[in-house]
Amino acid sequence: MGGLVSTMGIALGALEAQQAGMEVTTNNIANLDTPGYSRERLVVEEADPFVQNGIALGDGVNVTGVESLRDTLLNLQVNDEIQQQSKSQTYVNTMNQVQTLFPDDTTGIGQSISAFFQSINSLSTDPADPTLRESVLSAAGNMASAFNTTATQLSSTRQQLNQVVDQQVQQINQLSSQVAALNVQITGAGTSSNQSTGSLLDQRDSLVQQLSQLVDLSQIQDGNSLTLTTQQGAALVVGGQSYALSTENGSDGTQHVFSAQGNDITGEISGGELGGTLEARDQTIPDLQTQLDSLASGLVQALNSANAMGTDLNGNPGGNLFDPVSGAGAAANMTLAISDPSLIAASSDGTSGSNGNLANFSAVANQAVADGETPSDCYADLVFQAGTAVENGNAELTASGAMLQQLQQQQSAVSGVSLDEEASNLLLYQRGYQAAAEAVTAVSQMLETAINMGAVESS
């Protein structure tokens, strides 16, 4: 097609293209502060030329769509780092609470152990004094109570984390179903040349980031659709279908996570808030519980043995000071076996004034009672482990935060809106629109002149 009519078509096409460019640029500016928005760019291409008198002439411009600017690889890296940061943050938050259960020697178990041995030293000055004997019994009871309280609070924390696991799995399922629904919309929109998928892609990216905060993800791009699995391959989203995770109480009393296929994947989850929750619940806290039980049972056995070496105020052989405990639950079940202060076996020769057996009690303070350590050293190790868990978690959190910030800056450079760039684009489209409008006016005047002359060209 040639002639003035063709030229008018080219001018009108240019006018429409510049107008579309201004609309895209204005939309970018409007979404400057919109979280998760990826800036858009007008996609145009040269129209196929036409041949006139053996000469190929241009036929203007075609607007083929609007492109949402995003870097898929960079998005994957950001999501991976979000998984690590969320895991570290959740782990640190949990372990900060646990650390308060293991204070230094001024309070808690450490203080109660020290107070008990101090009461033994005081009793050695007058082993028949009923007040001093009552003080020993009271200190022993306080020590048992401190073990009970710490053990109960550790178990309570694990139970609370069970509820957190349930909540996190529900959130994962909800987000997965939304991603599946968006997969359907994006695939449908992608088949239409008149519909942009940029907004839908932004929504899906935002949901995937939220999922990354909750669980370790693996992503597979299949055209316009996105497949999501856990790092170990448990399906969450495939095309337009989501696969719900479930929880079930295990024989160990904790909530286990199962895939839609019925496989127990609890031990496979390593990232996101769920990964941090599971690490604290299933690894760090049980390790502390085991060591606490070991200390309680070792201390009970040693003190019972010490009491059995002497005679009580009535001249009878000493019995158990504490009810024997061992294994899991030892700290929670640590209780006094006697309530009568006269049953404390302070004597070594059967006389009421003897304090010879109290040396055996005092020796327990420097005796290896658990894991080759003295009571104080074993408790100090517990304090150290709890503190180290928090310290290591904070170190990982700091490193992950720095990496995430760097990646997000790179992501912003690709997908973020720059006011300077958009202002420049506005000026460019404005000038292009003005030039196209002038071309339309010029061709219109030429057509009018031709008509008036009765010499309209064939098109």
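Coordinate-derived values only; no laboratory data. Only a predicted model underlies this, so the values are computations on that prediction, with no experimental measurement involved. Cβ atoms come from the backbone with ideal geometry, glycine included; neighbour counts cover every protein chain shown.
What to note about this one:
- Within the range 1-42, backbone nitrogen closer than 20 Å to the virtual label 7 Å beyond the Cα of GLN434 toward Cβ: 11-26
- Shown in residue order for the range 176-184 are the 3J(HN,Hα) couplings computed by the Karplus curve 6.51 cos²θ - 1.76 cosθ + 1.60 at θ = phi - 60°: 4, 5, 5, 5, 4, 5, 5, 4, 5 Hz (x for Gly and Pro).
- Residue-wise HN-Hα couplings along the range 116-130, as the Karplus relation 6.51 cos²θ - 1.76 cosθ + 1.60 with θ = phi - 60° gives them from phi, are 5, 5, 5, 5, 5, 4, 5, 5, 5, 6, 7, x, 9, 5, x Hz; Gly and Pro carry x.
- Computed FRET value (nearest 0.05) for ALA442 with THR64, which takes r as the C-beta separation and R₀ as 22 Å: 0.20
- Given their separation in residues at 0.36 nm each and the Cα-Cα distance between them, THR106 and ASP33 gain 21.2 nm when the chain is fully extended.
- Projected over all directions and averaged, the alpha-carbon convex hull of the range 324-378 occupies 4.9 nm².
- Under the simplified labelling scheme, the SER424-THR351 pair shows an inter-label distance of 10.2 nm, with each label point 7 Å from Cα along Cα→Cβ.
- Our compactness index for the range 350-459, the C-alpha radius of gyration over the empirical 2.2 N^0.38 Å, is 3.31.
- For the range 76-406, the alpha carbon positions stretch 102, 38, 28 Å along the principal axes, listed from largest to smallest.
- Along the range 232-241 the Karplus relation, 6.51 cos²θ - 1.76 cosθ + 1.60 evaluated at θ = phi - 60°, assigns HN-Hα couplings of 8, x, 6, 5, 10, 9, 10, x, x, 10 Hz to successive residues, with x for each Gly and Pro.
- Nearest-ten-degree value, helix 198-214 long axis tilted from longest Cα axis of the chain: 10 degrees
- Residues whose amide H falls under 5 Å from that of SER347, counting only those 5 or more places apart or on a different chain, are THR311, ASN357, with hydrogens built in the peptide plane.
- Taking amide H as placed 1.01 Å from N in the peptide plane, VAL66 has its amide H under 5 Å from the amide H of VAL43, each at least 5 places away in sequence or on another chain.
- Relative to the dominant Cα principal axis of the chain, helix 285-308 is inclined by about 0°.
- Dipole in debye (nearest 20) - the range 76-406, about Cα centre, beta carbon charges: Lys, Arg +1; Asp, Glu -1: 560 debye
- Rounded to 10°, Cα long-axis angle of helix 72-99 versus longest principal axis of the chain: 20 degrees
- Amide H contacts under 5 Å for SER218, placed H, 5+ residues apart: THR229, THR230, GLN231
- Distance in nm between pseudo-label sites at ASN452 and ASP381 (7 Å out along the Cβ direction from Cα): 10.5 nm
- Label zone at ASP71 (point 7 Å along Cα-to-Cβ), backbone N below 20 Å, the range 377-420: 400-420
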